[in-house]
Amino acid sequence: MKFCVIGLGRFGQQIVKTLYENDAEVLAVDTLQSNIASIKNYTAQAICVTVHDEPTLEAIGVDEMDVIIIAIGENFAESILIAAILKKRSKKYKVIARATGQVQKEIFKLIGVDQIICPEEETAIELADTLSYPFTNLARLDANLSIGLIATPAKFIGKTIAETMLYDKYGISCFAVKKNDGYKSVDKNYIIAEDDLLTVSGNSKTIGELLHL
């Protein structure tokens, strides 16, 4: 897939580096040459330009991209302008935009941005979940559903996942286990070992209650 990242502050640069590590092809765009210089080795192409109209976007090759990420942090007006032009031009690519608050999120929704991310808000939620949940919270799907990592309850040791009746009794699904530093996908016939950490999904409160079985 081809990605375009517009805005190379700390947030944008981290996106570029991670995409590079995942073997993605990245076009990076920023108005500051210093930002371009610090990220160019992680991109297929890095362009120093101010994006202010449709011809500029066309010139840098956005129509060849699969995903365009607007990672601009401070200049919201510029982000809105770019998002509006992109959504007007084509529906072939996915547009992702960074917002710094609820008002910005609502404006991006009105424009039709495909995905809106709010790093500060999401980091705060992740921290609160980590501090308040009695298990390792791997992903918060919504206010009630999570993917978590729990130590194996004593009563499950030596049983298959099917025999634990995790889903039938508790509405919890176990789809992987963690051993040492690695994860292993498992099915209902997997026999649970004492040193397994179970990767489960379901109601957050119920996952926590499994620790007391």
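The values are calculated or read from the model by the stated rules, or taken from the named source; none is laboratory data. What you are looking at is a predicted structure, and each value in this text was computed from that prediction instead of being measured. Glycine also receives a Cβ, built like all others from the backbone with ideal geometry; neighbour counts cover every protein chain displayed.
Things to note:
- Selection count, region 174-209, where residues are hydroxyl-bearing (Ser, Thr, Tyr) and within 18 Å of residue 155 (Cβ to Cβ): 2
- Residue that is surrounded by the most Cβ atoms within 10 Å (Cβ to Cβ), among those in region 188-205 that are β-branched (Val, Ile, Thr) and under 14 Å from residue 136 (Cα atoms): 200
- Residues in region 34-84 that are in a helix (DSSP H, G or I) and either outside the structural domain of residue 19 (by TED's automatic domain parsing) or charged (D, E, K, R) (or both): 40, 54, 58, 63, 64, 78.
- Positions within region 1-23 being of a type in the set (A, V, I, L, M) and surrounded by 16 or more Cβ atoms within 10 Å (Cβ to Cβ), in sequence order: 5, 6, 8, 15, 16, 19
- Filter result (in contact (Cβ under 8 Å) with a residue 24 or more places away in the chain, under 17 Å from residue 5 (Cα atoms) and aliphatic (A, V, I, L, M)) within region 78-116: 80, 81, 82, 83, 84, 85, 86, 95, 96, 97, 113
- Residue in region 146-187 that is nearest to residue 136 (Cα to Cα), counting only those that are of a type in the set (D, E, K, R) and within 28 Å of the chain's Cα centre (by Cα): 178
- Hits in region 70-127 (condition: of a type in the set (S, T, N, Q) and either modelled with pLDDT of 95 or more or closer than 20 Å to residue 57 by Cα (or both)): 75, 79, 90, 115
- For beta carbons closer than 8 Å, sequence separation of 6+ or different chains, a first residue in region 146-165 that is over 18 Å from residue 135 (Cβ atoms) and a second that is among the basic types (Lys, Arg), the qualifying pairs are 160/188; 162/188.
- Strands (runs of 3 or more DSSP E) completely within region 98-207 that count 2 or more residues being of a type in the set (A, V, I, L, M, F, W, C): 115-117, 136-140, 145-151, 173-179, 197-203
- Selection count, region 10-33, where residues are among the polar types (S, T, N, Q), in a helix (DSSP H, G or I) and either closer than 16 Å to residue 71 by Cβ or in contact with a helix residue (DSSP H, G or I) (Cβ under 7 Å, 6 or more places away or on another chain) (or both): 3
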